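Data first, discussion second: the structure below is written as structure tokens.
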Amino acid sequence: MSFPQRLVDGYEAFASGRLQTEQHRYRELAERGQTPEIMVIGCCDSRVSPEVIFDAGPGELFVVRNVANLVPPFETQGTYHGVSAALEFGVAALKVKHIVILGHAHCGGVRAFAEDHEPLSPGDFIGRWMSLMAPAASKVGPRGSMSPAEYLERMEKASIVNTLDNLMTFPRLRKLIERGEVQTHGAYFGVATGQLSVLDRATGEFKPAVK
Ligand SMILES: [Zn+2]
């Protein structure tokens, strides 16, 4: 077993390129620690890297990625809570000012849920994880006359809204949001178009981030 050559090559390119120009910043971050103001909760999908989409340098974004950019509602029973732990760290330790839920088009997790397929893989976890989307699905309602693409996009966007609602179930975070110390945002990346849309909370619609 050898370390993937693609990663060795990529690291060499980074070390001779970007690291050179950002060395000072890395040293400073190592000494002072990170103080990102923006937390992004995105999907694991290899096409939607938040650092790439937002052109972010080291220390700028506190990123959590999971299948379909979901956050489970607050609960403290028994199991391991990776997303909740990251959320707690972002909010309580780093004191981020913004939390962005970044969804995207052609999300395999959403599709698996929406089409009621077998889970993405024959494992034990994805089906249960994706059941977090159930409240979003019931808001969208039956597919009816919608095309499959339109239905999936509605589901992807409704799930972002549902995840924003779930953030409000975390008592400490809810207080900070109500006091205006933390702002939450929904965003949606069109993989094919490259377009970024941002949720307008007043209308519930996603509008282009750049006019
Ligand atoms: Zn996805």
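The values are calculated or read from the model by the stated rules, or taken from the named source; none is laboratory data. All values reported here derive from a predicted model rather than from experimental measurement. Ideal geometry is used to build each Cβ from the backbone, glycine not excepted, and the neighbour counts take in all protein chains shown. The protein model used for the area step is the full one, side chains on, heavy atoms only, and it has no ligands, DNA or RNA in it. Shrake-Rupley method; radii C 1.70, N 1.55, O 1.52, S 1.80 Å.
With respect to residue 140, is the statement that it is within 19 Å of residue 204 (Cα to Cα) and hydrophobic (A, V, I, L, M, F, W, C) true? Even if it seems obvious, please write down each step before you answer.
Working: within 19 Å of residue 204 (Cα to Cα): yes; hydrophobic (A, V, I, L, M, F, W, C): yes.
Considered against the rule, which asks whether it is within 19 Å of residue 204 (Cα to Cα) and hydrophobic (A, V, I, L, M, F, W, C), residue 140 comes out as yes.
Residue check: is residue 28 farther than 26 Å from residue 200 by Cβ, surrounded by 11 or more Cβ atoms within 10 Å (Cβ to Cβ) and modelled with pLDDT of 95 or more?
yes
Could you tell me whether the stretch 111-126 includes any residue that is within 15 Å of the ligand (Cβ to nearest atom), part of a helix (DSSP H, G or I) and either under 25 Å from residue 209 (Cα atoms) or without any contact (Cβ under 8 Å) to a residue 40 or more places away in the chain (or both)?
Yes, the conditions are met somewhere in the stretch 111-126.
For the stretch 136-159, check the following and say yes or no: at least one residue is open to solvent by less than 20 Å² (accessible area, probe 1.4 Å), touching a strand residue (DSSP E or B) at 6+ places or on another chain (Cβ under 7 Å), touching a residue at least 60 places away in the same chain (Cβ under 8 Å) and not charged (D, E, K, R).
Yes - at least one qualifying residue is present in the stretch 136-159.
What is the residue count in the stretch 20-45 for residues that are more than 15 Å from the ligand (Cβ to nearest atom) and touching a residue at least 40 places away in the same chain (Cβ under 8 Å)?
Qualifying residue count, the stretch 20-45: 6.
Across the stretch 46-68, which residue is surrounded by the fewest Cβ atoms within 10 Å (Cβ to Cβ) among those that are in contact with a helix residue (DSSP H, G or I) (Cβ under 7 Å, 6 or more places away or on another chain) and within 19 Å of residue 159 (Cβ to Cβ)?
Out of the qualifying residues, it is 66.
Looking at 48, 100, 52, 71, which is the one that is within 16 Å of the ligand (Cβ to nearest atom), assigned to a strand (DSSP E or B) and modelled with pLDDT of 95 or more?
That would be 100, the only listed residue that is within 16 Å of the ligand (Cβ to nearest atom), assigned to a strand (DSSP E or B) and modelled with pLDDT of 95 or more.
How many residues, within the stretch 74-97, are more than 16 Å from the ligand (Cβ to nearest atom) and either open to solvent by less than 40 Å² (accessible area, probe 1.4 Å) or within 16 Å of residue 160 (Cα to Cα) (or both)?
8
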